[in-house]
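Laboratory data are not the source of any read-out in this text; all were calculated from the coordinates shown. As the structure is a computational prediction, the values presented were derived from the model and not from experiment. Neighbour counts are summed over all protein chains in view; Cβ atoms, including those assigned to glycine, are modelled from backbone coordinates with ideal geometry.
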Amino acid sequence: MTTGYQHTIILKNFQAVNFRDYLIKVPSNRSSKALLAPNSASSYFNKFKAALKQAYIDGYLRTDLYVRVARIKEVETQRNFLTIDELNNLVKTECEDQILKNAALFSALTGLRFSDIEKLQWKNVEYINDNGYFVRFVQQKTKMVEMMPISDQASSLMGGRRQPNEKVFKGLTYSAYSNKHLAKWIGLAGITKEITFHCFRHTFATLQLSKGTDIYTVSKMLGHRSLKTTQIYAKIVDQTKRVAVDKIKLKF
């Protein structure tokens, strides 16, 4: 026979499982026809489980529900990226939205997310003698304060300095209209891959690793909390090397 306390634990455990199942089946905000991405569901549920763990540590729960409820497993997603030749083709190809073009190339040169680029203001851009340009910002996803050095080429994409509270890429917006401009620009450059704005961030990570930058530095530049997240790009580089070596075939 179960006690009232045991009934409470069973109920809370059941509710946690229900919430996990809800995240697995809930529609995405971007499309009612698609489900929430598995890795997003996993991230949300991990935060929920962390709250349960803290509640147990703080004494609000007498049972550690964190260990009782199974997590949502992450899936390894395909991360498309551009080669250096494809990037150079995009530089030479005209885009109907010049701000979008500059911002995308800026992402490929810095690894910044769209959300961080869209919110970047001139007060966050600093030039230090003998050290070049830096951008100081709070990452929209991780909420961590970052001081990121940027190359001269990246700084040239920002244009002339304006008022401190003005956005660097003024007019940059995420919309179906801007996505059409992006797709057209990609197509005109002769690129047949499915490329989104976020792929420019993937490109930065992949090219840095392929050029020999150590994974810890790349992880810090991307603002990853865990090296495990960055290791996904290392796998991509390994696959790219495998494709390269398989191109040389002898007739035995």
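Taking +1 at the Cβ of each Lys and Arg and -1 at the Cβ of each Asp and Glu, which of LEU209, GLY223, HIS198 sits farthest along the dipole of the range 190-252 towards its positive end, judged by Cα position relative to the Cα centre? With unit charges placed on the Cβ atoms, the residue in question is LEU209.
Springs join every pair of Cα atoms under 10 Å in this Gaussian network model of the chain, and among VAL218, VAL26, VAL168 the largest mean-square fluctuation is at VAL26.
Near ILE150, within a Cβ-to-Cβ distance under 13 Å, what is the net charge of the other residues, with Lys and Arg +1 and Asp and Glu -1?
Numbers: positive: ARG136; negative: ASP116, GLU126, GLU146, ASP152.
With Lys, Arg at +1 and Asp, Glu at -1, the net is -3.
Between THR63 and ILE128, the modelled labels are 5.3 nm apart [label points 7 Å from Cα along Cα→Cβ]. Counting charges near ASN80 (Lys, Arg +1; Asp, Glu -1) among other residues having Cβ under 12 Å from its Cβ returns a value of +1. So which residue, out of LEU227, LEU61, LEU109, gets the largest mean-square fluctuation from a GNM of the chain using Cα contacts under 10 Å as springs? Sorting by GNM fluctuation, first place goes to LEU61.
If a helix is a whole DSSP H run, which ones in the chain reach 30 Å or further along their own axis (Cα) and hold a mean Kyte-Doolittle hydropathy of at least -0.5?
Working: long enough: 4-25 (32 Å, -0.18).
Answer set is 4-25.
For the residue pair ALA37 and PHE252, what label-to-label distance in nm results when each label sits 7 Å from Cα along the Cα-to-beta-carbon direction? Here the answer is 4.2 nm between the modelled labels. Residues whose amide H comes within less than 5 Å of that of GLN121, counting only those at least five positions distant or on another chain, are VAL168 (H built at 1.01 Å from N in the peptide plane).
What number comes out for the charge environment of ALA183, summing +1 per Lys or Arg and -1 per Asp or Glu over other residues with Cβ under 15 Å away?
Working: positive: LYS101, LYS180, LYS184, LYS193; negative: GLU86, GLU94, GLU96, ASP97, GLU194.
Summing Lys and Arg as +1 and Asp and Glu as -1 gives -1.
If R0 is 30 Å, what FRET efficiency do you get for THR213 and LYS193 from their C-beta distance, rounded to 0.05?
Computed FRET efficiency for THR213 and LYS193: 0.85.
Using +1 on the beta carbon of Lys and Arg, -1 on that of Asp and Glu, and nothing else charged, what's the dipole of the range 147-252 about the Cα centre, debye to 20? Spell out each step's value before the answer.
Working: 18 positive and 6 negative charges, 40 e Å.
Here the size comes out at about 200 debye.
The label-point distance for GLN121 and ALA176, in a model that sets each label 7 Å from Cα toward Cβ, rounds to 3.2 nm. The share of Cα pairs per 5 Å bin across the chain, counted from zero up to the longest distance, runs 1, 5, 10, 13, 14, 14, 13, 9, 7, 6, 4, 2, 1, 1, 0, 0 percent. Across ALA234, ALA176, ALA55, mean-square fluctuation computed from a Gaussian network of the chain (C-alpha pairs under 10 Å connected) peaks at ALA55.
Only helices enter the 222 nm calculation for the chain: every DSSP H run of n ≥ 4 contributes -39,500 (n - 2.57), and dividing by all residues gives -16000 deg cm²/dmol, rounded to 500.
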